[in-house]
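Comments concern the structure below.
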Amino acid sequence: MVIEIIDILPKVSATNVEYTYSNSTLALKDVNLSIMKGELVAIMGKNGAGKTTLIRTFNGLIKPSKGNVLIDGKNTSSQTIAELSKKVGIIFQNPMHQLFSNTIEEEIKFSLKNLDLSEEEIQTRTDNILKNFNLEKYRKRSPLSLSGGETKKLAIATIFCRNPDILVFDEPTLGQDAREIVFFTNLIKEEMDKGKTIVIVTHNIEFAMQHVPRTILMADGGIIADGPTRSVLNKEFLADKTSLILPQITQFNRALQEIGIQCPPNINSRNEMIMFLKKHLKSMGIKTKEEA
Amino acid sequence: MDLIKFNNFSYRYKGNEEYALNDINLAIKENKFILLAGETGSGKTSLLRCLNGLIPQFYAGYYKGSVKIAGHDTVETSISNLSTIVGIVFQNPENQLIAMTVENEIAFGMENLGISRNEMIKRMDESVRLTEIGHLLRKAPFELSGGEQQRVAIASILVLQPQILILDEPTALLDPRMARKILTLLKKIQSDSKITIIISEHRMDLVLPLVDEIIMMKEGRIVGHDIKDNIINGDDFKNLNINHPLIYSIFNALKEEKLLSNKIPDSIPEAIEYLNKIK
């Protein structure tokens with residue numbers, strides 16, 4: 001049997017990575033991590049912790065001052081940004097920073113241009129992505145005329161159409177309403193099913209708790225925790241160091257315990273909490289509408 | 001007299017066929033902390049732009065009806081005059097910070113209004129104290145963190161002593177702890193200075209416990225405006241496409257099962273108080 005070596009190598013790995021900005025700010029120090037194919041990972045930490053700097057090393061926008069970043073086992077320092085951007089697609093926080101064409105259709109086509117595709121293939125991919133993202137009706141409109149949520153969608157579409165193996169999102173749920181967050185969550189699920197590797201930089205604790213299995217916590221340019229999301233985010237001392245707030249569900253659970261309501265500590269979602277409280281209230285003699 | 005009064009106001013941006021605001025009627029009093037809630041594209045930002053005359057004076061378009069701020073018609077009063085009544089803080093503070101030091105930044109608006117030196121010093125001290133930025137006065141705004149910049153932006157508006165402070169997603173770019181700090185600070189400013197604050201905010205868990213009233217928007221229309229308890233216990237709030245707070249979702253589900261006879265709590269402490277009482 002032939003083992004595909006590429007699958008047992010990490011998709012992304014960083015060893016002893018350090019990065020100093022030209023104003024001598026040390027933005028990354030001794031960062032070590034490895035992310036395997038098909039993983040979904042959140043990177044969290046306060047503003048200025050080094051999260052955005054770290055993901056910029058993944059597609060070579062930033063080359064480490066010390067240490068190495070490897071994508072599919074290959075050092076980023078020996079590859080151009082153009083080469084790396086075929087493997088790693090980064091969707092930045094402010095979508096306006098990555099949109100500049102006159103129409104939405106041109107924006108997608110521009111993104112496909114340097115992939116050596118035929119005109120026909122470019123048109124087909126453009127049509128498909130506009131359809132999948134519900135942006136067809138805006139095809140001829142300027143990106144500037146879209147609402148905040150739709151602009152974010154377009155920015156994601158311009159990266160998705162290139163079909164990179166590794167997708168990196170910087171604050172994807174920021175300023176998004178409930179429907180947009182559901183759209184994004186479904187998108188992530190579909191990409192995971194295709195075997196993509198996904199990294200999400202986020203402050204959204206509830207989102208990470210619900211959807212992301214592994215979380216890397218950063219503070220002052222270094223990694224201070226890396227493990228299962230629920231155990232990483234439920235640790236108070238880590239929340240203190242990273243300016244995060246304990247998830248609402250954890251805060252509520254602890255408050256219940258303090259007044260003597262024995263809520264199981266592994267309750268981590270709204271539905272589990274609703275089920276628990278229903279049982280608790282019924283045990284207090286309160287009847288549901290069916291019983292009443 | 002109402003501090004803010006919309007009378008059958010409709011507006012569409014030039015080039016758009018759909019109305020961004022549709023037949024808005026709204027009356028807002030003094031000394032209130034108000035949440036503007038609705039999905040993106042529901043008209044929140046357009047509504048806020050009406051309050052200092054940016055709509056219809058700056059954004060080209062078509063309007064019907066009227067908007068009055070402290071009795072001034074927003075079509076007949078200049079934006080600069082309206083800005084002494086209404087202060088606006090945007091999502092990204094970088095867009096509104098221009099001076100070389102924080103101190104100059106805060107003085108800039110007052111200098112333009114020709115306020116005397118003594119009065120300037122007095123107001124500066126007051127708003128610097130409220131926003132806790134005394135240690136930043138000599139720094140350049142671009143050196144500051146997002147949370148510090150947002151506090152400077154708020155201070156530079158507060159010194160103009162507006163009767164109305166508008167904030168359009170002020171914590172969107174901040175980490176959760178800084179977001180909580182800014183929102184708590186806003187509540188304190190509101191109750192200390194008795195001004196009216198209108199805020200649009202996606203972090204519902206953090207903002208809901210602080211507000212007095214909620215305005216709900218959908219498709220350019222106001223679909224509800226009332227005190228908080230009435231809104232969150234009504235059906236329209238549930239159907240709104242927003243990030244409902246955890247406590248709200250849990251207790252609304254219990255209420256639907258008739259397991260909650262009380263009103264829906266707006267925060268963890270309120271929820272705990274209720275559960276402790278029936279124990």
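Values computed for the structure shown
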read-out: Members of A:K11/A:K137; A:K113/A:K152; B:K5/B:K187 lying beyond 25 Å, as alpha-carbon distances in this model show; value: A:K11/A:K137
read-out: Chain B: angle of helix B:246-256 to the longest principal axis, Cα-based, in degrees nearest 10; value: 30
read-out: Other-chain or far-sequence residues with amide H under 5 Å of B:N31's (modelled H); value: B:T196
read-out: Kirkwood Rh and Cα Rg combined as Rg over Rh, evaluated for segment A:161-208; value: 0.96
read-out: Theoretical FRET efficiency, 1/(1+(r/R0)^6), r = Cβ-Cβ of A:K131 and B:E219, R0 22 Å, to 0.05; value: 0.35
read-out: Radius, Kirkwood style, for chain B when every pair of distinct Cα atoms is counted (Å); value: 19.8
read-out: Cα→Cβ-extended label distance, 7 Å offset, between A:I224 and A:E190, nm; value: 3.8
read-out: Longest segment of chain A lacking GluC sites (Glu not before Pro) that sit in a DSSP loop with at most 12 other Cβ atoms within 10 Å; value: A:5-289
read-out: Estimated translational D of chain A in µm²/s (Stokes, Kirkwood radius over Cα pairs; 25 °C; 0.890 mPa s); value: 116
read-out: Principal-axis tilt of helix B:176-193 within chain B, Cα atoms, nearest 10 degrees; value: 70
read-out: Size of segment A:1-156 as Cα extents on the principal axes (Å, biggest first); value: 50, 47, 25
read-out: Rounded tilt (10° steps) of B:102-112 against the dominant C-alpha axis of chain B; value: 80
read-out: Fewest-first ranking of B:F58, B:F33, using other Cβ atoms within 10 Å as the exposure measure; value: B:F58, B:F33
read-out: Using alpha carbons only: equivalent-ellipsoid semi-axes of the protein assembly as shown, gyration tensor based, whole Å; value: 38, 32, 26
read-out: Point-charge dipole on Cβ atoms (K/R +1, D/E -1) for segment A:1-131, about Cα centre, debye to 20; value: 660
read-out: Cα centroid separation, segment A:216-292 to segment A:78-129 (Å); value: 41
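FYI, it's all coordinate maths here, none of it is from the lab. Every value quoted in this text rests on a predicted model; they were computed, and no experiment measured them. Using ideal geometry, Cβ is built from the backbone for each residue, glycine included, and neighbour counts are taken over all protein chains shown.
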